[in-house]
Amino acid sequence: MIDLDACVEGVLACDRIWLGRAVTLVESTRAGDRELAGELLGRLLAHTGNIKEAKEAKDVKRVGITGVPGVGKSTFIDTLGTHLTGKGHRVAVLAVDPSSVVSGGSILGDRTRMPNLAVDDAAYIRPSPSSGLLGGVTRTTRETMVVVEAAGFDVVLVETVGAGQSETAVAGMVDLFLVMMLPGAGDELQGIKKGVLELADILVVNKADGGNEIAAQRAVRDHRAALALTAPAQPNWVPPVLAVSAIEGTGIDQVWRHIQDYFGQATASGQLAGRRADQQVRWMWAMVHDRLQDRLQKSPAVANLMPSLEQEVAAGRTTPATACDRIFAAFDG
Ligand code: GDP
């Protein structure tokens with residue numbers, strides 16, 4: 001069994017071995033481990049950006065990054081991350097990849113996709129966990145954020161693919177959400193789901209290089225014009241649209257300046273505190289939701305009922321609403 005005192009101490013000292021053990025514990029779904037993980041997180045929480053009293057709270061920036069596969073997320077994170085460690089920051093990269101649950105492997109956060117950060121002592125990369133439900137993956141990521149923040153990483157980048165519910169989940173656990181796009185293709189052609197752009201606090205058009213510069217500037221203008229017509233996600237903040245080349249590193253410093261501006265404004269206006277409070281409440285409900293689902297699935301009365309009830313619903317003999325009532329009646333039993 002893990003020695004919790006040593007683990008807390010090791011994480012706070014940013015000992016890589018303890019950091020790895022702590023994250024492995026947090027990722028475990030075994031009941032005994034969950035209990036230990038709960039205790040560990042309780043002790044680490046005071047060393048993260050979560051504490052309300054500003055003097056104790058660490059100055060942490062939680063940034064979500066999304067975009068369709070191929071847009072250049074890992075290249076961008078490698079370049080931005082290296083830029084930041086060069087300025088003295090410590091950068092953690094986490095990933096939320098729901099497909100890893102199905103495929104058993106993660107395409108995101110793989111160390112080989114970020115060759116510079118992977119060998120950078122001031123960086124820590126953790127691929128998406130590949131077991132459990134989507135809810136489990138997002139829970140693990142939230143908890144891993146606590147561990148890496150306690151270990152002193154002050155910029156936490158959470159990467160996710162631009163498809164499905166994972167963006168909403170990630171947008172709900174970060175302070176700033178950055179959406180990456182390609183020049184030249186319409187949103188739909190790029191596979192950007194409706195609603196995702198509305199979550200963006202910063203939009204980045206990548207691959208503005210090698211003859212694509214004009215197309216990228218046009219994309220920037222188009223997105224600025226489109227944004228002017230929509231209500232901003234945050235009051236007092238119009239999401240900037242920036243052209244970058246992740247490969248050449250152009251525009252990266254500008255992105256960082258806008259990220260800093262955002263945090264400056266959001267801190268001064270109290271919006272950051274509000275967003276963090278909201279993250280905590282969402283986290284609580286996500287956990288309630290997961291635990292309820294888990295209990296439902298483990299309830300013998302529900303398990304007995306399930307096969308025939310699913311068939312009845314599928315065949316149209318029972319309405320979903322009636323079936324739902326019966327499931328809860330069995331559960332409450
Ligand atoms: P991800 O799937 O979103 O993580 O995208 P990757 O970072 O793996 O990049 C996908 C492909 O686009 C790779 O072949 C990269 O080399 C290339 N790429 C990434 N950023 C840039 C860029 O700024 N300019 C150009 N020309 N290619 C890029």
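All of the numbers you see were taken from the coordinates with simple rules; none came from a lab. Remember, predicted model here, so these are calculated numbers, not experimental data. All Cβ positions, glycine included, derive from the backbone under ideal geometry; neighbour counts span all protein chains shown.
The table below gives the values:
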| quantity | calculated |
| --- | --- |
| Fluctuation leader among GLN279, GLN297, GLN234 - the chain, Gaussian network, Cα springs under 10 angstrom | GLN297 |
| Cα long-axis angle, helix 320-332 against the chain (0 to 90 degrees, to the nearest 10) | 70 degrees |
| Angstrom value of the Kirkwood radius, inverse mean 1/r, which spans all Cα pairs in the range 238-333 | 18.1 Å |
| Per-residue Cβ neighbour rank within 10 angstrom, fewest leading, THR79, THR322 | THR322, THR79 |
| Least to most buried among THR141, THR230, THR85, THR267 (fewest other Cβ within 10 Å first) | THR230, THR267, THR85, THR141 |
| Top of ALA228, ALA200, ALA37 by mean-square fluctuation, Gaussian network on the chain, Cα under 10 Å | ALA228 |
| Percent RCO, i.e. relative contact order, over the chain, from Cα pairs under 8 Å lying at least 6 residues apart | 16 percent |
| Two-site FRET efficiency, LEU296 against ALA321, from Cβ-Cβ distance with R₀ of 22 Å, rounded to 0.05 | 0.85 |
| Kirkwood hydrodynamic radius of the chain, from inverse mean 1/r over distinct Cα pairs, in Å | 21.3 Å |
| Fewest-first sequence of ASP78, ASP59 by Cβ atoms within 10 Å of each Cβ | ASP59, ASP78 |
| Mean Cβ count within 10 Å, highest first, over the residues of peptides 309-315, 114-120 | 114-120, 309-315 |
| GNM result for the chain, Cα springs below 10 Å: residue of ASP15, ASP201, ASP294 fluctuating most strongly | ASP294 |
